[in-house]
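The values are calculated or read from the model by the stated rules, or taken from the named source; none is laboratory data. Given the structure is predicted, the values throughout are model-derived calculations rather than measurements. Virtual Cβ from ideal backbone geometry, glycine too; neighbours counted across all protein chains shown. Note: areas computed on protein heavy atoms with side chains; ligands, DNA, RNA excluded. Shrake-Rupley method; radii C 1.70, N 1.55, O 1.52, S 1.80 Å.
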Amino acid sequence: MHATLQGKKVAMLATDGVNEAELTAPREAFERAGAEVHLLSIKEGEIQSMNGLDKGKTFRVDRLVEAASSGDYIGLVLPGGVGNPDKLRMNEGAVRFVREFFFADKPVAAICHALWLLVEADVLKGRTVTSYPSLRTDIQNAGGTWVDQMVQVDQQLVTSRNVPDLPAFSEKAIQIFGRAVQQATLDEMGEDSFPASDAPSTSPTVSVRATPEAR
C-alpha cells in the first residue's frame, strides 16, 4: 500500500487557525508512506497553527492555492481547526481547488471543521460523512448524511471527527489514496494496451456498482 505513494504529490490546504496536530499527523504519515506533501494556502510565507485557544507552531507555505491545479496532485488533505476552514471557504480560489478534486474523482481526506469547506464547495449532496459534531446541521443542509464515526469513507472521500481520530484517519486516507494510484496505473496500462485507434468492442457493457467501503 505505502509503496504506491512513493514520489507521488499530495496537496494539503490550510491557512491561519489550522489545528496543529491535524496538519502535522497526516502530513508525517503521508511522508512516511513515500509521498511528497505540499502545503498550499491562500497566503504566502507562513501560517499560524493553533492548539485549542493557544498558538502552536508556524508552517512554511509551499505554494499559493491560486497557482495550483488538482492535476498536479494525486489527492487532497484538509486539516481542521475552527478559523482555518472558515477563512478558506471565503476564498474563491480555495473553494475552486477543492471542487476540482471531486470533479476529477480524486481522493480527498477531511477532518473536523474542514468539512465546512466541502459544504461551501457544494460536494456533499448524497454523501455520508463524519466531522466535528457541531457541523452536523450544516452537512445535512448541504444534502449530506452525518454519522458519528471515527472514520467514514464514501467513495474517494475520507472523513473523521477530531484529533483523537487522527491515527485511523491517516491510515485510511493513505489506503484510499494508494488505491486510487493503483487504479490510475491500471487505467493507463489499459489505454496503452487498447489505443484509441482500435475498433470498439461489440461486447455488451455491464455496469457494476462498487461495494461500499467497510468502516
- prompt: Roughly what would the spin-label model give for ALA104 and VAL147, points 7 Å off Cα along C-beta, in nm?
  reply: 2.8
task: Over the chain, give the accessible area per residue in Å² for a 1.4 Å probe, as an integer.
output: 52
field: Top positive-direction residue, dipole computed over the range 47-171 with Cβ charges, set ILE47, ALA67, LEU117
entry: ILE47
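If you count the DSSP beta bridges with both ends in the range 1-120, what percent of them are antiparallel, to the nearest 5? Write out the running numbers ahead of the final one.
Working: 5 of 20 bridges.
In the range 1-120, DSSP labels about 25 percent of beta bridges as antiparallel.
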- request: Treat every Asp and Glu Cβ in the chain as -1 and every Lys and Arg Cβ as +1, leave all other atoms uncharged, and give the resulting dipole magnitude about the Cα centre to the nearest 20 debye.
  value: 420
message: Nearest 10 degrees is fine. How inclined is helix 20-32 to the longest principal axis of the chain, computing both from alpha carbons?
response: 40
message: Stokes-Einstein diffusion coefficient for the chain at 4 °C in a medium of 1.567 mPa s, Rh from the Kirkwood formula over Cα pairs: what value in µm²/s?
response: 73
- prompt: What is the distance, in nm, between label points placed 7 Å from the Cα along the Cα-to-Cβ direction at LEU186 and at GLU36?
  reply: 2.7
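Say R0 is 30 Å: what FRET efficiency, to the nearest 0.05, do LYS9 and LYS125 get from their beta-carbon distance?
Values: r = 29 Å, r/R0 = 0.95.
Efficiency computed from Cβ-Cβ geometry: 0.55.
Quick one: of LYS9/LYS106; LYS55/LYS87; LYS106/LYS172; LYS43/LYS106, which pairs are farther than 20 Å apart, Cα to Cα?
Working: LYS9/LYS106 13 Å; LYS55/LYS87 17 Å; LYS106/LYS172 15 Å; LYS43/LYS106 24 Å.
Pairs exceeding the cut-off: LYS43/LYS106.
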message: Could you check the spin-label model distance between LYS43 and ASP72? Points 7 Å from the Cα along Cα→Cβ, value in nm.
response: 2.0
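Below 8 Å between Cα atoms, with a sequence gap of 6+, how large is the relative contact order for the chain in percent?
Numbers: 433 pairs, mean separation 41.3, N = 215.
In percent, rounded to a whole number, it is 19.
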message: Once neighbouring chains are kept in place and the probe is 1.4 Å, which whole percent of the accessible area of the chain is contributed by carbon and sulfur?
response: 50
message: Could you tell me which residue out of LEU135, LEU166, ALA29 lies farthest along the dipole of the chain toward its positive end? Charges go on the beta carbon: Lys and Arg +1, Asp and Glu -1, centred on the Cα centre.
response: LEU135
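Quick check: with the 1.4 Å probe, what order do MET12, MET150, MET90 take by accessible area, largest first?
Values: MET12 5, MET150 95, MET90 155 Å².
Output order, biggest surface exposure first: MET90, MET150, MET12.
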message: For ASP54, ASP16, give me the order by solvent-accessible area with a 1.4 Å probe, most accessible first, ignoring ligands, DNA and RNA.
response: ASP54, ASP16
